[in-house]
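S.K.: Dumping the structure here so I can ask a few things about it.
Every number here is computed from the coordinates shown, using simple stated rules; none is lab data. As the structure is a computational prediction, the values presented were derived from the model and not from experiment. Here the Cβ positions follow ideal geometry from the backbone for every residue, glycine too, while neighbour counts run over all protein chains shown.
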Amino acid sequence: MDRPFVPLGRPRAERADAARNREQLLATARAMVAETGVEKVTMDGLAERAGLGKGTVYRRFGTRAGIFHALLDEDEHAFQEHVMSGPPPLGPGADPLDRLIAYGRARTAYLADHLELVRASLDRNGPAPAEGASTLTRLHIRMLLGLARPGVADLDTLALQLTAALEGPVMLFLSAPRPTSRPGPPAADRLGDSWEALVERICGRSA
């Protein structure tokens, strides 16, 4: 019950040349994002920078949004590894309530760091994503709630609501214009503090 996450869907088998091309394209795309920003990355520009044919890029990613989806997929795998086998309190070995708080803070920081990639990964011509990483968040929260035993009968629904409380407001808050009259701490820190207060209240821990 301490490994609720599942792989995000890489192919089971991949030819050696295809694997090399994938790693080269992802490394190049990541470098381009760091140098010029998400908005300047294009399919043709990626092909030229990586020294590969345009057909290779289009077969690998399909659309421009596919580039950023692939980058997020890699980062999600790394995030999951920290949760499953990293040091406590995010990883195993800590009190389940402490892990739940740590997860919310880490996930908020992750979403803040990846906001532009998330935006760019949404294909305007495709359906709105209904599953994905938030499903993995829900499974992990549900597992930790089962260990923390907050005294709520329907833990499945509570996990669903906490997932929405964690992932939904982050995207809405961080995409809104920043207030200019009140500098305060970074948005991710403020949202992390709110998450901690919410979880402690639900699970009955006194402040």
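S.K.: Suppose each label sits 7 Å from its Cα in the direction of the beta carbon; what would the residue 49-residue 122 distance come out to in nanometres?
M.R.: That separation, rounded to one decimal, is 2.3 nm.
S.K.: Between residue 156 and residue 30, what is the label-to-label distance in nm when each label sits 7 Å out along the Cα-to-Cβ direction?
M.R.: Rounded to a tenth, the inter-label distance reads 3.8 nm.
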